[in-house]
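Before any comments, here is the structure.
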Amino acid sequence: ITGGLMLALKNDIITAIAKNVCSWVPTITLLILFPRLLPGIKRRDFFRSLFKNSISVKNLILLIFLQLFIFGASVTLYSHFSKVELNQLIGVSVPTIIFALVNSLTSGATGEESGWRGYLQPIMVKRYGLIKGSFVVGIIWALWHAPLWFISGEYVGLNLVKYICLFILFVVSTAVIIGISYEKNKNILVPVTIHFFVNFTLAFLKSNLLGVLFYIALFYFITAVGFAFINRNSVTLR
């Protein structure tokens, strides 16, 4: 349905709304299949359990600043090496901020995480361990976006291949960061916040997404490896 609307109407507002509705599919699917997936548990009790544990505000703030730093460093590096002015890459204005907030609050961060991290993450961690389990969730999460890679028509040929590879690296690395952070603070607001700032920061890019994505994916990969190394003794890793 999302793809059909994007191809038929070619309207930015309709496309944004359709993508946001589509991003709620993991939660909608979880709600519909809930009696099969989690028999004997009430939907209300399950969703309450996702918020019951306390959050380390300090760690959450550090994660936010880390993401902001990665985005800023990525844009700056791309601007420096490509000789593109920063004001040509990013646009910050009141309408842009409002759109970024509304779009990010109503899309993947709130629409997907109960499915990916709330339901799927614990199952994959139990089966494969934290790192491998988070990696598997990341692959599923990345490939779930596959239709949009081809429907949007933004990239073709070699650029499409580059975009897909960088996107997968970026999303899988983010999934590992989210997995470790969520394991230490079993509250769904942690992955929601990380996911939110991924979408929120990218909303300010006006152009050259592919070029900037190279640095973003690289930084998130390095961060994921660092997280796994630093937390190797505080969480169970396999």
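The criterion of at least 2 residues that are over 22 Å from residue 137 (Cα atoms) and in contact (Cβ under 8 Å) with a residue 60 or more places away in the chain is met by the following helices (runs of 4 or more DSSP H) wholly inside region 1-120: 2-9, 57-82, 86-89, 94-105.
Filtering region 66-89 to residues that are crowded, with 16+ Cβ neighbours inside 10 Å, among the β-branched types (Val, Ile, Thr) and either under 22 Å from residue 193 (Cα atoms) or modelled with pLDDT of 95 or more (or both) leaves 70, 75. The residue that is surrounded by the most Cβ atoms within 10 Å (Cβ to Cβ), among those in region 147-159 that are in a helix (DSSP H, G or I) and without any contact (Cβ under 8 Å) to a residue 12 or more places away in the chain, is 150.
For the residues 216, 164, 178, 168, the requirement of being among the hydrophobic types (A, V, I, L, M, F, W, C) and touching a Pro at 6+ places or on another chain (Cβ under 6 Å) singles out 178. Taking the criterion of being farther than 18 Å from residue 23 by Cβ and of a type in the set (Lys, Arg), the residues of region 105-145 that qualify are 126, 127, 132.
Conditions tested, residue by residue: (1) in contact (Cβ under 8 Å) with a residue 24 or more places away in the chain; (2) β-branched (Val, Ile, Thr); (3) not in a helix (DSSP H, G or I).
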| position | (1), (2), (3) |
| --- | --- |
| 162 | yes, no, no |
| 167 | yes, no, no |
| 170 | yes, no, no |
| 186 | yes, no, yes |
| 190 | yes, yes, no |
| 195 | yes, no, no |
| 201 | yes, yes, no |
| 212 | yes, yes, no |
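Residues of region 121-131 that are within 17 Å of residue 181 (Cβ to Cβ) and assigned to a helix (DSSP H, G or I): 121, 122, 124, 125, 130, 131. Of a type outside the set (Gly, Ala, Ser) and modelled with pLDDT of 95 or more, is that true of residue 121? When the stated conditions are applied, residue 121 passes them. What about residue 218, is it modelled with pLDDT of 95 or more and either surrounded by fewer than 20 Cβ atoms within 10 Å (Cβ to Cβ) or outside any helix (DSSP H, G or I) (or both)? The answer is yes for residue 218.
The values are calculated or read from the model by the stated rules, or taken from the named source; none is laboratory data. Just so you know, these numbers come straight off a predicted model, no measurement behind them. Positions of Cβ are backbone-derived with ideal geometry, glycine not excepted, and every protein chain shown enters the neighbour counts.
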